[in-house]
Amino acid sequence: MDLAVRCQNVVKVYDTGEQKVTALNGINLDIAVGELMMLVGPSGCGKTTLISVMAGILDQDDGSCEVFGENLIDMRSRDKLNFRAHNIGFVFQAFNLLPSLNAAENVSVPLIINGMKRVEAERKATSVLEQVGLGERATSLPSQLSGGQQQRVAIARALVHSPRLIVCDEPTSALDHETGHNVMTLLKDVALHKDRTLVIVTHDARIFDFADRIAEMDDGHIIKVKGAR
Amino acid sequence: MYYIALKMLIGDKGKYIGIVMGLTFASLIMTQQPAIFLGLMTRSYSFITDVGLPDIWVMDPKVQFVDDIKPLQDTELYRVRGISGVEWAMPMYKGLLKARLTDGTFQTCIVVGLDDATLTGGPPVMLEGKIDDLRRSDGVIVDIDGARDKLGKPSPVPGGKPIPLKVGDVLELNDLRAIVVGIAKVTRTFQSQPVVYTTYSRAKSYAPKERKLLSFVLVKAKQGQNLVELTRRIRETTGLAAYTQAEFKTLTFEYFMHNTGIPINFGISVLLGFIVGAAIAGQTFYNFTLENLRQFGVLKAMGTSNWTLLRMILLQAVLVGSIGYGLGVGLTALFGYAMRNTILAFKFPWQLLLFSGAGVSLICVFAAIISILKVIRLEPAIVFKG
Ligand SMILES: Nc1ncnc2c1ncn2[C@@H]1O[C@H](COP(=O)(O)OP(=O)(O)OP(=O)(O)O)[C@@H](O)[C@H]1O
Ligand SMILES: [Mg+2]
């Protein structure tokens, strides 16, 4: 079994000056390639912190986190940027689309970051928008789209550069039940395949069924991993 | 990525217009105020400009500027004429005299006496009559602004405009009759007093009786003469001061620069404009970056380097800077055009474009630097924060 992510004894302490918060307190977790892993647990237990470390946008203080065999903390910052640009897709609770770019332009951003010409990138972006069912809305601004549509644009953006790992933080929390369900279906059917791994942080018990495995966290620890590969 | 940067900037119309307006304001103040200032300062030597023709002005060594008259003896004229390299040398009287108007009131005028034979140094533009008319007995030429305003006859209706002085009207200078034979256009002077032209000998009769009445000797150099050489020769031979036209302008200009509050006043308003403009533009630009911080964070998380983000912000700053600068300078030019025939002074040399360009660049660079620092320090992990 190929591993997408291997966390070993990962520790992260936030030091705000006044106090130290141990957000991750020795995390051990393996995630297989092609797996949809959900991270659940009470607020403040460290879920967001953990996917930030996995996505290479936050450095842990101790332990190691290997993503596709690469130890992110050892990478030079330039290589890490490149690694993120090629291998990681992001989906956020608040969508985080660039408000002045239309849907196709938003989706093309990861391609442009990877050096693709704008026209070509937008052509590719439009075809991915079609995959998520938004082919006709390519020129709409985010403000002209519903929440569910915006999240679908965001998913297209997370997919467009064919990353090997997509991290999602509460992708359905800002959406109603049905829309959330559709978004999850999209993630599972379009985003996930045998070479792509999804890590989804969620509170939303209604979508647990989409997971291959669910890791339950509490107070900086993984307390239980349910389901089997 | 540049395209994205431009879209980010222009997509937020309100902010974009705010930033551009701040910069427009700054560059407007930084060009318009100095332009008025320079315009005013050129007035300090407008008399020299108007006289035009002579290459060299000879005067008492203690003279500090063009209105600072320290008369010479008439014999100095002949000494100057005797110096080699001098094509011709003409006397000029310049002084402040009181004119008695028809209604019995007095008005101080600048009286200029020109060489009787040649009338050298006369007004640059004649609107009515000819310079030669000065040869008619008691003839004087007055400037149009003086004729319309300070020398005019009081209006028949109280508070109305004065009736302009016309050709044929009579003034009294030092109890002597002076008949207006012409109206001229002269460049406004600093003090805006009426200017009255007459001949040298008649000016002497108008002036209070003094031993010395020669204000300046105006010199034309022979063809091919080195002016610096000639001025030195005149100084050495006569012991008087001799300046080329440009030197005399500079002398006058510098006198006003150093001895009046004008430069300080304008300096302060330019500085204030700069500070206010910088504050508005810098602040709005920085705010713009702050509000887009999440967007920059998203780009960073997705793998955009600090270097690329830096160039994006610089591009945004350069764009708003050039538009604001263009608008500001354009407005100043329009302002100058609108004011071209009014009492307001205005001069817009290319150096001013550089000055305000440098000012606006400074503001933009400053705003960009603080924005860039903020973005470089930004942790990409903020993208997951609510
Ligand atoms: N930048 C930060 N500085 C200081 N403390 C932080 C920071 N980010 C998170 N924390 C703290 O670390 C702990 C874990 O935070 P984290 O955001 O990972 O929790 P979470 O499981 O995602 O919570 P939620 O479900 O509310 O999103 C919390 O106690 C939080 O207050
Ligand atoms: Mg969270």
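The values are calculated or read from the model by the stated rules, or taken from the named source; none is laboratory data. Predicted model only: the values in this text are computed from it and were never measured. Methodologically, a virtual Cβ is constructed for each residue, glycine included, from the backbone with ideal geometry; neighbour enumeration extends over all protein chains shown. These area figures cover heavy atoms from the full protein model, side chains too; ligands, DNA and RNA do not enter into them. Shrake-Rupley method; radii C 1.70, N 1.55, O 1.52, S 1.80 Å.
Structure summary
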{"item": "Trypsin sites (Lys or Arg not before Pro) restricted to the stretch B:201-232 and DSSP loop, no more than 12 other C-beta within 10 Å", "result": "B:Lys209, B:Arg211, B:Lys222"}
{"item": "Where the protein assembly as shown is the region considered: accessible area per residue in Å², 1.4 Å probe", "result": "44"}
{"item": "Nearest-20 debye value, the protein assembly as shown charge dipole, Cβ charges on Lys, Arg, Asp, Glu", "result": "1820"}
{"item": "Percent carbon-and-sulfur accessible area, chain A, ignoring ligands, DNA and RNA, probe 1.4 Å", "result": "44"}
{"item": "Segment B:Leu96-B:Lys70, length gained on full extension (0.36 nm per residue, minus Cα span)", "result": "8.1 nm"}
{"item": "Over 24 Å between alpha carbons, listed pairs A:Lys47/B:Lys15; A:Lys194/A:Lys226; A:Lys47/A:Lys226", "result": "A:Lys47/B:Lys15"}
{"item": "Set B:Lys300/B:Lys385; A:Lys117/B:Lys7; B:Lys94/B:Lys212; B:Lys185/B:Lys249; B:Lys209/B:Lys249 screened for pairs whose C-alpha atoms are more than 18 Å apart", "result": "B:Lys185/B:Lys249; B:Lys209/B:Lys249"}
{"item": "Whole-Hz ³J(HN,Hα) from phi, Karplus 6.51 cos²θ - 1.76 cosθ + 1.60, for the stretch B:260-276, glycine and proline x", "result": "10, x, 4, x, 5, 4, 6, x, 5, 5, 5, 4, 4, x, 4, 5, 5"}
{"item": "Given charges at Cβ of Lys, Arg, Asp, Glu: the protein assembly as shown dipole, positive-most of A:Ala205, A:His193, B:Ile382", "result": "B:Ile382"}
{"item": "Whole-Å semi-axes of chain B's equivalent ellipsoid (Cα gyration tensor)", "result": "59, 25, 15"}
{"item": "Stokes-Einstein diffusion coefficient of the stretch A:3-226, Kirkwood radius over Cα pairs, 4 °C, 1.567 mPa s, in µm²/s", "result": "73"}
{"item": "Tensor-based shape of the stretch A:94-199 (alpha-carbon gyration tensor, a/c under 1.5 rounded, otherwise prolate or oblate)", "result": "oblate"}
{"item": "Complex-versus-alone comparison for the stretch A:93-132, residues with a loss of 10 Å² or more in accessible area, probe 1.4 Å", "result": "A:Asn96, A:Leu98, A:Pro99, A:Ser100, A:Leu101, A:Glu105, A:Val109, A:Pro110, A:Ile112, A:Ile113, A:Arg118"}
{"item": "Chain B, accessible surface, carbon-and-sulfur percent (1.4 angstrom probe)", "result": "62"}
{"item": "Projected label distance in nm at B:Trp88 and B:Leu176, using a 7 Å step from Cα toward the beta-carbon", "result": "2.3"}
{"item": "Burial of 50 Å² or greater, the stretch A:38-87 residues [accessible area, probe 1.4 Å, versus chain by itself]", "result": "A:Ile57, A:Leu81"}
{"item": "Exposure ranking of A:Glu178, B:Glu291, B:Glu247, A:Glu170 by accessible area [1.4 Å probe, largest first]", "result": "A:Glu178, B:Glu291, B:Glu247, A:Glu170"}
{"item": "Set of aspartates and glutamates with alpha-carbon distance to B:Lys98 below 14 Å, sequence-local pairs under 8 removed", "result": "B:Glu172, B:Asp175"}
{"item": "The protein assembly as shown: C-alpha gyration tensor shape, a/c 1.5 cut-off, then a/b vs b/c", "result": "prolate"}
{"item": "Low-density loop cleavage sites - trypsin sites (Lys or Arg not before Pro) in the stretch A:43-134, where at most 13 other Cβ are within 10 Å (DSSP)", "result": "A:Arg76, A:Lys117"}
{"item": "Nearest-10 value in Å² for the accessible area of B:Val365, using the 1.4 Å probe", "result": "80"}
{"item": "A/B buried area, accessible surface, summed, 1.4 Å probe, Å²", "result": "2200"}
{"item": "Low-density loop cleavage sites - chymotrypsin sites (Phe, Trp or Tyr not before Pro) in the stretch B:194-241, where at most 14 other Cβ are within 10 Å (DSSP)", "result": "none"}
